[in-house]
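This report refers to the structure that appears directly beneath it.
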Amino acid sequence: MFDEKRSQVSLAGVLVLLIFLAAIGAILWQANRSNANAESTLARIQRTGKVRIGFANEKPYGYLDTKKDLVTGEAPEIARYILKKIGVDHIEPVVADFGSLIPGLKAKRFDIIAAGMYITPERGKEIAFSNPTYAIGESFIVLAGNPLDLHSYEDVRDNPDARIGVMGGSIELKYAQDLGVDESQIAVFADYASALQGLKGDQIDAVAATFLTVKDLLEKQDSDAIEQVNDFRDPVIDGKETRGFGAFGFRQQDEALRERFNEELAKFIGTPEHLELVKKFQFDESTLPGNVTAKELIEAP
């Protein structure tokens, strides 16, 4: 009797196990089927006519025009033109701190970074880039008269009393680090408004930014207490003077979207229509990127 009951219990256990394994198999099959049939980002935005773009509210690259309640700037305006060509008419803007743009893209808070982000090998490990839309140099904002005579990142490095302010996640932070500026001389700010307050409040001696950002920031200042550095020398890294190449950012898996975007971008950049579109943001023929590709910049030493 005991053996018979034990056999029945064993048989029931085997049946439960088989049912459990069958259920797991069905779940895995459905998951694989869902993944296989998953709609690409390109297909989704073309079907819905909508796309979300991330920007950092930094003039002239991508910012909110409060008077018109419209996101604009070099990157959003080019994005509008290109996306319309691929059948997407509606842009949903998502603002983020610059340092949060790449994490936000990867977390699918938005579909494209439209913030004039520089292409770098480090960023290329995390996201994919379109080919560049512009190339520009750097500059500093300092107190009137440039008290510490700062004309380059190297000048900051060589003066232990000099302190530089950069925006979190920016290329300027990397330039300073690559050129040997001590960490104690670098202050990281969430935005340029805070950095300018730091400069005026004697927390730092220079604010580092792109040439166009510096121009725009100073145009909005009523005070003569700060100024742009004259005769600024762009960073020289590995024996080469650097320029920043800005582009759009995509998730690594959104290859179809990036390739389609690049197709239209290649037809547009450098045309009279493109130059007219970005002229009001102070971009012109001198800021064209030439034939440099994202692949070249990401693979650069």
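The values are calculated or read from the model by the stated rules, or taken from the named source; none is laboratory data. Just so it is clear, the model here is predicted, and its values are computed rather than measured. FYI the Cβ positions are ideal-geometry reconstructions off the backbone, even for glycines, and counts take in every protein chain you see. What goes into the accessible areas is simple: the full protein's heavy atoms, side chains included, and nothing from ligands, DNA or RNA. Shrake-Rupley method; radii C 1.70, N 1.55, O 1.52, S 1.80 Å.
Checked against (1) under 19 Å from the mean Cα position of the chain (by Cα); (2) assigned to a loop (DSSP other than H, G, I, E, B); (3) assigned by the TED database to the domain that holds Asn159, Phe283 passes all but a single condition, namely (3).
Annotation note: Cβ proximity below 6 Å between a residue of the stretch 133-150 that is in contact (Cβ under 8 Å) with a residue 40 or more places away in the chain and over 16 Å from Gly198 (Cα atoms) and a residue that is in a loop (DSSP other than H, G, I, E, B) and among the aromatic types (Phe, Trp, Tyr) (sequence gap 6+ or interchain) occurs for Tyr134/Phe283; Ser139/Phe232. Residue check: Ile86 meets all listed conditions (1) open to solvent by 20 Å² or more (accessible area, probe 1.4 Å); (2) closer than 19 Å to Leu265 by Cα but one, namely (1).
Condition check: hydrophobic (A, V, I, L, M, F, W, C) and farther than 19 Å from Tyr153 by Cα. Does Ala256 satisfy that?
Working: hydrophobic (A, V, I, L, M, F, W, C): yes; farther than 19 Å from Tyr153 by Cα: yes.
Yes, satisfied.
The single condition among (1) surrounded by 13 or more Cβ atoms within 10 Å (Cβ to Cβ); (2) at pLDDT below 95; (3) more than 22 Å from Gly169 (Cβ to Cβ) that Asp234 does not meet is (3). Quick check, is Gly244 modelled with pLDDT of 90 or more and open to solvent by 10 Å² or more (accessible area, probe 1.4 Å)? Criteria not met by Gly244. Pairs linking a residue in the stretch 264-284 that is farther than 25 Å from Asp216 by Cα to a residue that is modelled with pLDDT of 95 or more and open to solvent by 80 Å² or more (accessible area, probe 1.4 Å), with Cβ atoms under 7 Å and 6 or more positions apart or on different chains, are Glu264/Lys85. Scanning the stretch 262-301 for residues that are closer than 17 Å to Ile136 by Cβ and aromatic (Phe, Trp, Tyr) returns Phe281, Phe283. Under the condition of being at pLDDT below 95, in contact with a helix residue (DSSP H, G or I) (Cβ under 8 Å, 6 or more places away or on another chain) and not charged (D, E, K, R), the residues counted in the stretch 140-174 number 4. If only residues of the stretch 33-83 that are among the aromatic types (Phe, Trp, Tyr) and open to solvent by less than 20 Å² (accessible area, probe 1.4 Å) are counted, the one that is farthest from Lys220 (Cα to Cα) is Phe55.
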